[in-house]
Structure formats: C-alpha cells, structure tokens
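Colleague: Here it is: the structure, laid out below.
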Amino acid sequence: MTDAALGNAMKALRAEAGLTQAELALQVGVTRKTINTVENGVFTPSALLALKIARALERPVETVFWIQDEPAQD
C-alpha cells in the first residue's frame, strides 16, 4: 500500500510568472510564509487555496498540483 502526498510546481511556475512569494501571497490572500511552506511541501493547501494559487499563476490546477504516490513506511 502507498501513501499519497501532494506534489507541486509552484516555485517554478511562480518564477516563470515573475512573482515573488510575497506578491503571490498578496494575490491569494495568505502570508508569504504560507506560500513558502506550500512550495516546500510542508503544508498542504485547502482546495480553495490551491485553486486561488492556480488562478493567480494562470494555470490549470492540475499543472500546479498533483498526487504523488509514496511508498508506505513500515
């Protein structure tokens, strides 16, 4: 059995859009720290936040976030 994690391409897409973490945070209504923790996989965003981030990056949500299967830890 595998556990699932949320993978993301936020950092690359944000850089491609020419946005800083602070600018993206302002657009979606969260703190820069929240953007940082989502980018680094420390925090899993709500569905609403994921959709807001995708909209701000002008990408389909599936391009920004995906399910990443991980082997189960024994």
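Colleague: For the chain, modelled as a GNM with alpha-carbon contacts under 10 angstrom, which of 63, 34, 44 fluctuates the most?
Modeller: Highest fluctuation of the listed residues: 63.
Colleague: Right, something else. Carbon and sulfur: what percent of region 3-45's accessible surface (1.4 Å probe)?
Modeller: 53
Colleague: Something else: Could you rank the peptides 37-43, 17-23, 52-58 by their average count of other C-beta atoms within 10 Å per residue, with the highest value first?
Modeller: Ranking, from highest mean packing down: 52-58, 37-43, 17-23.
Colleague: Using just the helices of the chain, give the 222 nm mean residue ellipticity in deg cm²/dmol: DSSP H runs with n ≥ 4 each add -39,500 (n - 2.57), and the total is spread over all residues, rounded to 500.
Modeller: Calculated mean residue ellipticity at 222 nm is -13000 deg cm²/dmol.
Colleague: Multiply the residue separation of residue 31 and residue 68 by 0.36 nm, subtract the distance between their alpha-carbon atoms, and state the gained length in nm to one decimal. Intermediate values should be presented prior to the final figure.
Modeller: Numbers: separation 37, 0.36 × 37 = 13.32 nm, distance 2.53 nm.
Once the chain is fully extended between residue 31 and residue 68, it gains 10.8 nm.
Colleague: Just to confirm a number: summing +1 for Lys and Arg and -1 for Asp and Glu over residues other than residue 39 whose beta-carbon lies under 15 angstrom from that of residue 39, what do you get? Display every interim value, and only then the final one.
Modeller: Working: positive: 11, 14, 32, 33, 52, 59; negative: 16, 23.
Neighbourhood net charge equals +4.
Colleague: Suppose a student asked you for the relative contact order of region 9-53, using Cα pairs under 8 Å spaced at least 6 residues apart; what percent would you report? Mind showing how you got there, number by number?
Modeller: On the way: 27 pairs, mean separation 13.6, N = 45.
Relative contact order comes out at 30 percent.
Colleague: If you take the charge dipole of the chain about its Cα centre, with +1 on Lys and Arg Cβ and -1 on Asp and Glu Cβ, which of 38, 22, 51 is farthest toward its positive end?
Modeller: The one lying farthest along the dipole's positive direction is 22.
Colleague: To continue, here is another question. What does the accessible area per residue of the chain come to in Å², with a 1.4 Å probe and no ligands, DNA or RNA counted?
Modeller: 68
Colleague: Which value, in debye to the nearest 20, describes the size of the charge dipole of region 11-74 about its Cα centre when Lys and Arg Cβ atoms bear +1, Asp and Glu Cβ atoms bear -1, and nothing else is charged?
Modeller: Dipole size: approximately 400 debye.
Colleague: Rank these residues by their accessible area, most exposed first, probe 1.4 Å: 59, 14. Don't jump to the answer; show the numbers that get you there.
Modeller: Numbers: 59 85, 14 25 Å².
I get 59, 14, largest accessible area first.
Colleague: Give the label of the value calculated from the structure for mean projected area of the Cα convex hull in nm², choosing from [x] 5.8; [y] 5.0; [z] 6.6.
Modeller: Answer label, from the structure shown: [y].
The values are calculated or read from the model by the stated rules, or taken from the named source; none is laboratory data. Since we're looking at a predicted model, the values are computed, not measured. Virtual Cβ from ideal backbone geometry, glycine too; neighbours counted across all protein chains shown. To get the accessible areas, we keep the full protein, side chains included, count just its heavy atoms, and leave off ligands, DNA and RNA. Shrake-Rupley method; radii C 1.70, N 1.55, O 1.52, S 1.80 Å.
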